[in-house]
Amino acid sequence: MIVLGIETSCDDSAAGIFRDGKILANVVHTQEIHSKWGGVIPELASRDHVRSILPVIREALEIAGLALSDIDGVAACRGPGLLGSLLVGLCVGKSLAWGRGIPFVGVHHLEGHLFAAQIGEQIEPPFLALIISGGHSHIYLVPEQGVYRLMGKTRDDAAGEAFDKGAKLLGLPYPGGPSIQNAAKKGVPDAYNFPRAMRRKGELDMSFSGVKTALLLEIEKIPENVLPGRIFDLAASYQEAIVDALLWKLDAASKSCGIKRVAIVGGVSANSRFREKLSALADVEGWRVHLPPLGLCTDNGAMIAAAGAFRFSRGEISPKDITAVSRWSLEDIEN
């Protein structure tokens, strides 16, 4: 089955084409306009999706060497995300499917990320899933494919959000994750002792607002003329605190249920320091780790197409009146 996947949950207009476990095309248009404000402006994002999504789909079809008539099913991200952005991709996906008389399914954004780590080879359950992005920092137990049990989540900022806000405090460009990663390579990770929150035994929820506040307070102590010389150390220490907190929680979750197979997905999973420390921890704990390729860590259409193909394989088709949802628990998609 050839599936077209459409992703417009935030500021990336993306289309991917997927068949029999393989990506035939994956095109992403990233909206540069938001860098001016250091964060995504929802109204601008939805307007840009209107302009860009059809050209992105056309480009994906061209790369795959296919016509729209070759597509067997359409999947689009239904949520969670920015409502205006979601509606663009969802309406386009439904319209294409209706016009061609082929099935359509609305896909959960986080399930899409999980399938990004399984393209080419599905992960054998049970496994743990750590989803870390600009909007999510969640740990799930996956007892079987398509079934998700929440174990822990952030109570405030997500890890990716903490990177974006931290970069803004440091005067680094948006998006913050890559900016802090690049600056941190020139700094000392233990130059500043930023907090790792919620370290109580048995506590799997996370919090990243405290480390952000600690960074702000540290910056305020430094004279303005001295600050430029401290940026690299501040970035390295800030990154280290976020990475340590994520890995500590994942380790605690693994020990609590005895599962050593783990999947880590989302934009923050591309962070090089995170991957370095994850590899070291996995060697110690005997984990089998599944990570998406770097090009599939951030939002993309191929992951939506892969998740859609899974849902189609179970005979699932969304009704024509399905609409976008800004908030949607991954546990709620279980049938």
Working carefully through the options Ile2, Ile33, Ile17, find the one that is surrounded by fewer than 17 Cβ atoms within 10 Å (Cβ to Cβ), in contact with a Leu (Cβ under 8 Å, 6 or more places away or on another chain) and of a type in the set (Val, Ile, Thr).
-> Ile33
Report yes if some residue within the range 183-201 is part of a helix (DSSP H, G or I) and either in contact with a helix residue (DSSP H, G or I) (Cβ under 6 Å, 6 or more places away or on another chain) or within 15 Å of Ile242 (Cα to Cα) (or both); otherwise report no.
-> yes
Kindly check whether there is at least one residue in the range 135-147 that is out of contact with any Gly (no Cβ under 8 Å at 6 or more places or on another chain), assigned to a loop (DSSP other than H, G, I, E, B), among the acidic types (Asp, Glu) and surrounded by fewer than 17 Cβ atoms within 10 Å (Cβ to Cβ).
-> no
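Check Ala253, Ala270, Ala305, Ala245 and return the single one that is buried (at least 17 other Cβ atoms within 10 Å of the Cβ) and touching a helix residue (DSSP H, G or I) at 6+ places or on another chain (Cβ under 7 Å). Don't jump to the end; show me each part of the working.
On the way: Ala253 fails: touching a helix residue (DSSP H, G or I) at 6+ places or on another chain (Cβ under 7 Å); Ala305 fails: touching a helix residue (DSSP H, G or I) at 6+ places or on another chain (Cβ under 7 Å); Ala245 fails: touching a helix residue (DSSP H, G or I) at 6+ places or on another chain (Cβ under 7 Å).
Ala270 is the lone residue from the list that is buried (at least 17 other Cβ atoms within 10 Å of the Cβ) and touching a helix residue (DSSP H, G or I) at 6+ places or on another chain (Cβ under 7 Å).
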Quick one: would you say Phe194 is under 27 Å from the mean Cα position of the chain (by Cα), closer than 25 Å to His290 by Cβ and at pLDDT 95 or above?
-> no
Check on Gly152, among the small types (Gly, Ala, Ser), more than 30 Å from Ser313 (Cα to Cα) and in the same structural domain as Gly266 (by TED's automatic domain parsing) = no
Count of residues meeting criterion [in a loop (DSSP other than H, G, I, E, B) and modelled with pLDDT of 95 or more] in the range 202-214 | 4
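Restricting the range 215-229 to residues that are in a helix (DSSP H, G or I) and without any contact (Cβ under 8 Å) to a residue 24 or more places away in the chain, which is nearest to Glu161 (Cα to Cα)? Break it down into steps so the answer makes sense when it comes.
If we filter the range 215-229 for residues that are in a helix (DSSP H, G or I), which is where we start, we get 215-221, 227-229.
When the remaining residues are screened for being without any contact (Cβ under 8 Å) to a residue 24 or more places away in the chain, the result is 217, 220-221, 227-229.
Details: Leu217: 18, Glu220: 21, Lys221: 23, Leu227: 23, Pro228: 23, Gly229: 25 Å.
My answer is Leu217.
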Taking Asn182 as meeting all but one of (1) surrounded by fewer than 17 Cβ atoms within 10 Å (Cβ to Cβ); (2) without any contact (Cβ under 8 Å) to a residue 24 or more places away in the chain; (3) within 30 Å of Cys257 (Cβ to Cβ), write down the number of the exception.
-> (3)
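The values are calculated or read from the model by the stated rules, or taken from the named source; none is laboratory data. Note that the structure is predicted; figures quoted are calculated from it, not measured. Backbone-built Cβ (ideal geometry, glycine too); neighbour counts: all protein chains shown.
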